[in-house]
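Laboratory data are not the source of any read-out in this text; all were calculated from the coordinates shown. Owing to the predicted nature of the structure, the values given are computational and were not obtained by experimental measurement. No Cβ is skipped: glycine too gets one built from the backbone with ideal geometry, and neighbour counts run over all protein chains shown.
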Amino acid sequence: MNILLISASPHKTKSRTFLLAKEVLKGLPKSARVRTLHLSDTKIGFCRHCEACHRKIMNCPVKDDVRAVMEAMLTAGGIIFATPNYINQVTAQLKALWDRTAHFIHCRRLEGKYIAGVVTSGSGRNASVLEYIRHYARACGAQYMGGISSQRQAPAPEKKKEAKLLGKKLAQDIAERMTYPEEARFLEEFKQHFRRIMQLRKNEWTEEYRFWQEKGWLQAHAGK
Ligand SMILES: Cc1cc2nc3c(=O)[nH]c(=O)nc-3n(C[C@H](O)[C@H](O)[C@H](O)COP(=O)(O)O)c2cc1C
């Protein structure tokens, strides 16, 4: 089982959020292969909205580390996004990465994967940040399986326990291919939405359209 931890704090290994995410990792089985990526160690520029990645998949004219990060995301069974709360949102580092992965949204590239969120802040009011991580996960075709958040102090014993349980659940979900009905409903609705968009843009987003063709996703089921 491959787990990718993407940590979006500039504090890297000293980050409170990363420390909490490490507690989540303690819930994983010993056999899990865990890779940690600190976004502050990578160079990821802004999306230019040129749509090159829709015409030719994974083809971005901005030459930096984004492709390597995207490939790491594609090979993981579970992804943990750990981000401090910056003005009730994820950090700019994480948003920059996500904006560069619009192709993942168009082609549901994280389908079958499970995503967890880890957030810390000064106030402890992190619901909007976790909700946004959930939105990104589902938009990419993945299931959001849960999240944990705390105020910025070092994790208290009960928080550590909660974090470890989240890690354990992540591993279980991957092993059992868990389906969350609410997630599945959203994923189906979003697929229908993008099926229409793909039909509309098929002459421009040529490789993405072919991807949908090859997946057999262009034929809506009766009544859908
Ligand atoms: C630019 C910026 C914006 C922030 N916005 C908020 C905020 O809206 N609400 C809050 O409670 N804390 C906010 N904080 C505090 C951080 O979320 C908090 O210190 C966090 O635990 C830092 O995590 P880290 O050690 O992993 O980097 C902000 C910090 C920065 C630098």
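The numbered conditions (1) away from the ligand (no atom under 16 Å from the Cβ); (2) surrounded by 18 or more Cβ atoms within 10 Å (Cβ to Cβ) are all true for Gly117 except (1). One residue stands out among those in segment 1-13 that are of a type in the set (Ser, Thr, Tyr) and either surrounded by fewer than 15 Cβ atoms within 10 Å (Cβ to Cβ) or more than 6 Å from the ligand (Cβ to nearest atom) (or both): the one that is nearest to Lys168 (Cα to Cα), which is Ser7. Determine, yes or no, whether Val62 is among the aliphatic types (A, V, I, L, M), touching a Gly at 6+ places or on another chain (Cβ under 6 Å) and either away from the ligand (no atom under 16 Å from the Cβ) or part of a helix (DSSP H, G or I) (or both). Yes.
Against the condition closer than 21 Å to Ala76 by Cα, surrounded by 14 or more Cβ atoms within 10 Å (Cβ to Cβ), within 16 Å of the ligand (Cβ to nearest atom) and in contact (Cβ under 8 Å) with a residue 40 or more places away in the chain, how does Ile174 come out, does it pass? Taking the combined requirement at face value, the residue does not satisfy it. Here Thr206 clears all of (1) surrounded by 16 or more Cβ atoms within 10 Å (Cβ to Cβ); (2) over 19 Å from Leu25 (Cβ atoms); (3) among the β-branched types (Val, Ile, Thr) except the condition numbered (1). Of the numbered criteria (1) more than 30 Å from Asn203 (Cβ to Cβ); (2) outside any strand (DSSP E or B); (3) away from the ligand (no atom under 14 Å from the Cβ); (4) in contact (Cβ under 8 Å) with a residue 40 or more places away in the chain, the one His103 fails is (1). For the criterion of being among the polar types (S, T, N, Q), touching a residue at least 12 places away in the same chain (Cβ under 8 Å) and more than 18 Å from Leu20 (Cα to Cα), Gln143 passes.
Being under 17 Å from Leu94 (Cβ atoms) and among the hydrophobic types (A, V, I, L, M, F, W, C) is a description that applies to Leu20. Mind checking whether some residue in segment 201-211 is touching a residue at least 24 places away in the same chain (Cβ under 8 Å), under 26 Å from Lys22 (Cα atoms) and among the β-branched types (Val, Ile, Thr)? No, the conditions are met nowhere in segment 201-211.
Looking only at residues that are more than 12 Å from Leu39 (Cβ to Cβ) and not in a loop (DSSP other than H, G, I, E, B) in segment 74-95, which one is nearest to the ligand (Cβ to nearest atom)? Applying the filter and picking the extreme gives Tyr86.
Restricting Glu162, Glu189 to those that are without any contact (Cβ under 8 Å) to a residue 12 or more places away in the chain and within 21 Å of Tyr132 (Cβ to Cβ) reduces the list to Glu189. Highlighted here are the helices (runs of 4 or more DSSP H) found entirely within segment 125-224 that include at least 2 residues which are among the aromatic types (Phe, Trp, Tyr): 127-139, 181-200, 206-215.
For segment 14-57, filtered to residues that are part of a helix (DSSP H, G or I) and more than 15 Å from Pro155 (Cβ to Cβ), the residue that is farthest from the ligand (Cβ to nearest atom) is Arg55. Residues in segment 137-171 that are under 19 Å from Met73 (Cβ atoms) and within 16 Å of the ligand (Cβ to nearest atom): Gly147 alone.
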